[in-house]
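Visitor: I have a structure I would like to understand better, so I am pasting it below and will then ask my questions one at a time.
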Amino acid sequence: MDCLVIGCGLSGAAVARHLAEQGKKVVIWERRDHIGGNMYDYVDEHGFLVQKYGPHTFHTKKKELYDYMCRFGQWQNYKLTCGAVWAGKYTPTPFNFTTIDTFYSAEKAVILKNKLKEAFPNRDTATVVEVLSNPDEDIRGYAEFLFQNDYAPYTAKQWGVSPSEIDPSVLKRVPLRFSYDAGYFDDDYQFMPTHSFTRFFENLLNHPNIRVRLGVEALEYLCVSGNEILVDRQAVDYPVVYTGALDELFGCRFGRLPYRSLRFEWKYEDKNSLQDAPVVAYPQERGFTRITEYKKLPMQDKPGTSYAVEHPIPYQKGSHQEPYYPVLTEDSQKQYAAYQQRADQIPNLICCGRLADFKYYNMDQALERALSVCAAMD
């Protein structure tokens with residue numbers, strides 16, 4: 001081989017394809033029994049296309065990323081809608097003026113909506129962090145109401161830490177809207193595969209210079225010694241692209257980086273619709289965070305409905321769990337910086353991806369990062 005790629009998710013597969021097109025012989029080691037990483041999907045026993053590792057839709061503001069995806073798949077426009085339920089009431093998310101109408105009296109709702117427009121002129125959205133610091137008592141009270149009923153309990157369950165410990169970037173991912181606009185994202189390009197994400201990966205990896213080996217635990221064959229990478233106990237000088245958890249590559253010498261995992265409870269019901277949106281959060285329910293109704297992701301015209309209930313759990317290596325989300329706190333990012341500094345000392349080691357970069361990437365961000373790695377390797 002000319003290059004070794006660890007991991008067959010979006011980051012690893014995109015880098016592998018680039019290297020293969022440059023004439024390099026690329027081998028991919030993937031520890032799971034399928035390609036596609038967390039984007040892997042399949043048709044379940046009831047005939048619904050479902051995503052094994054939770055809901056994914058591709059969205060981006062950048063045409064070059066959209067064009068890249070179109071090279072390897074066929075896509076349909078799809079605008080994701082999400083919601084949240086507490087106190088027996090449903091509201092769309094991101095929270096908007098419908099949220100205010102749902103939880104406030106008509107008189108108070110009018111006053112609050114006008115105040116928000118005046119406080120944030122010429123703006124469509126603001127983060128909950130911004131609104132919490134607003135000097136107006138009503139505006140601040142609205143943000144505190146949302147924080148106490150949704151952001152705080154959801155964050156505590158999802159991340160296993162107090163909201164005060166989590167990096168503010170996580171809380172800023174879901175803004176507040178100052179209108180009745182719905183839809184989870186505002187990006188110019190929002191789409192789902194016409195066939196499946198798995199088909200996209202099959203096309204992406206379909207190159208004579210790429211060989212994929214599934215069911216390979218990379219760290220059983222690969223390790224670091226000094227500033228060298230050893231494969232089967234022999235030092236190698238070809239590029240090794242690593243997309244896994246960076247602490248595990250270095251034997252957790254600086255301590256374990258915190259990741260969160262998920263347990264999915266799969267269900268089917270003989271009904272046409274389970275909930276008002278494909279993805280709905282239940283911040284005040286015990287144990288689980290959200291339900292994804294795959295019949296609506298994308299819309300599938302079949303009787304019944306298949307859905308998954310998500311239970312966040314701590315990630316523990318060796319327990320057949322997937323490390324989905326890096327837990328971004330001040331301490332964990334200092335810890336990661338030590339691993340990153342160590343990785344930078346190895347000239348032929350290239351790290352990228354949500355786990356290796358210890359960043360909470362969306363799919364477009366993961367792709368953009370992978371393509372920047374490709375450009376740096378040219």
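The values are calculated or read from the model by the stated rules, or taken from the named source; none is laboratory data. Keep in mind that what you see is a predicted model, and the values were worked out from it rather than measured. Counting neighbours? That spans all protein chains shown, and the Cβs are built from the backbone with ideal geometry, glycine included. What goes into the accessible areas is simple: the full protein's heavy atoms, side chains included, and nothing from ligands, DNA or RNA. Shrake-Rupley method; radii C 1.70, N 1.55, O 1.52, S 1.80 Å.
Visitor: For Tyr294, which of the numbered conditions (1) closer than 30 Å to Tyr90 by Cβ; (2) among the hydroxyl-bearing types (Ser, Thr, Tyr); (3) open to solvent by 20 Å² or more (accessible area, probe 1.4 Å) fails to hold?
Guide: Of everything listed in (1) closer than 30 Å to Tyr90 by Cβ; (2) among the hydroxyl-bearing types (Ser, Thr, Tyr); (3) open to solvent by 20 Å² or more (accessible area, probe 1.4 Å), Tyr294 misses just condition (3).
Visitor: Among the residues of segment 42-63, is there at least one that is more than 21 Å from Tyr189 (Cα to Cα), at pLDDT 95 or above, touching a Lys or Arg at 6+ places or on another chain (Cβ under 7 Å) and surrounded by fewer than 17 Cβ atoms within 10 Å (Cβ to Cβ)? Reasoning before the result, please.
Guide: First, pick out the residues of segment 42-63 that are more than 21 Å from Tyr189 (Cα to Cα): 42-50, 52-53.
When the remaining residues are screened for being at pLDDT 95 or above, the result is 42-50, 52-53.
Restricting the remaining residues to those that are touching a Lys or Arg at 6+ places or on another chain (Cβ under 7 Å) gives 42, 47-48.
Subset that is surrounded by fewer than 17 Cβ atoms within 10 Å (Cβ to Cβ): 42, 47.
Within segment 42-63 (the criterion being more than 21 Å from Tyr189 (Cα to Cα), at pLDDT 95 or above, touching a Lys or Arg at 6+ places or on another chain (Cβ under 7 Å) and surrounded by fewer than 17 Cβ atoms within 10 Å (Cβ to Cβ)), the answer is yes, since at least one residue qualifies.
Visitor: Give the residues of segment 313-327 that are closer than 23 Å to Thr93 by Cα and surrounded by fewer than 21 Cβ atoms within 10 Å (Cβ to Cβ), sorted by residue number.
Guide: Matches in segment 313-327: Tyr324, Tyr325.
Visitor: Restricting to segment 295-348, what's the tally of residues that are within 26 Å of Ser225 (Cβ to Cβ) and polar (S, T, N, Q)?
Guide: 5
Visitor: Let me ask something else about it. Can you work out which of the residues in segment 332-373 that are among the small types (Gly, Ala, Ser) and not in a helix (DSSP H, G or I) is surrounded by the fewest Cβ atoms within 10 Å (Cβ to Cβ)?
Guide: Only one residue tops the list, namely Ala356.
Visitor: Also, quick follow-up: Any chance you could count how many residues in segment 297-312 are open to solvent by 20 Å² or more (accessible area, probe 1.4 Å) and at positive phi?
Guide: Looking only at that region, the number is 0.
Visitor: Same structure again: Look at segment 228-246 and say how many of its residues are open to solvent by less than 80 Å² (accessible area, probe 1.4 Å) and assigned to a loop (DSSP other than H, G, I, E, B).
Guide: Going residue by residue through segment 228-246, those that are open to solvent by less than 80 Å² (accessible area, probe 1.4 Å) are 229-231, 235-236, 238-246.
Subset that is assigned to a loop (DSSP other than H, G, I, E, B): 238-239, 243-245.
Residues meeting the conditions: 5.
Visitor: I'd like the full set of residues that are under 30 Å from Trp29 (Cα atoms) and in a loop (DSSP other than H, G, I, E, B), limited to segment 247-295.
Guide: Phe250, Gly251, Cys252, Arg253, Phe254, Gly255, Arg256, Leu257, Pro258, Tyr294
Visitor: Are any residues in segment 116-144 open to solvent by less than 60 Å² (accessible area, probe 1.4 Å), assigned to a helix (DSSP H, G or I) and either modelled with pLDDT of 95 or more or under 18 Å from Thr98 (Cβ atoms) (or both), and if so, which ones? Reasoning before the result, please.
Guide: Start the filter on segment 116-144 by keeping residues that are open to solvent by less than 60 Å² (accessible area, probe 1.4 Å), which leaves 116, 119-120, 125-129, 131-132, 134, 136, 139, 141-143.
From what's left, assigned to a helix (DSSP H, G or I): 116, 119, 128-129, 131-132, 139, 141-143.
Leu116, Ala119, Val128, Val131, Ile139, Gly141, Tyr142, Ala143 - these are the residues of segment 116-144 that are open to solvent by less than 60 Å² (accessible area, probe 1.4 Å), assigned to a helix (DSSP H, G or I) and either modelled with pLDDT of 95 or more or under 18 Å from Thr98 (Cβ atoms) (or both).
Visitor: Right, another one. Which numbered condition trips up Tyr180, out of (1) out of contact with any Phe, Trp or Tyr (no Cβ under 9 Å at 6 or more places or on another chain); (2) surrounded by fewer than 16 Cβ atoms within 10 Å (Cβ to Cβ); (3) among the aromatic types (Phe, Trp, Tyr)?
Guide: Only one criterion is unmet by Tyr180, namely (1).
Visitor: If you don't mind, another one. So Ser225 fits all but one of (1) of a type in the set (S, T, N, Q); (2) closer than 28 Å to Arg31 by Cα; (3) in contact (Cβ under 8 Å) with a residue 12 or more places away in the chain; what number is the exception?
Guide: Looking at each condition in turn, Ser225 falls short on (3).
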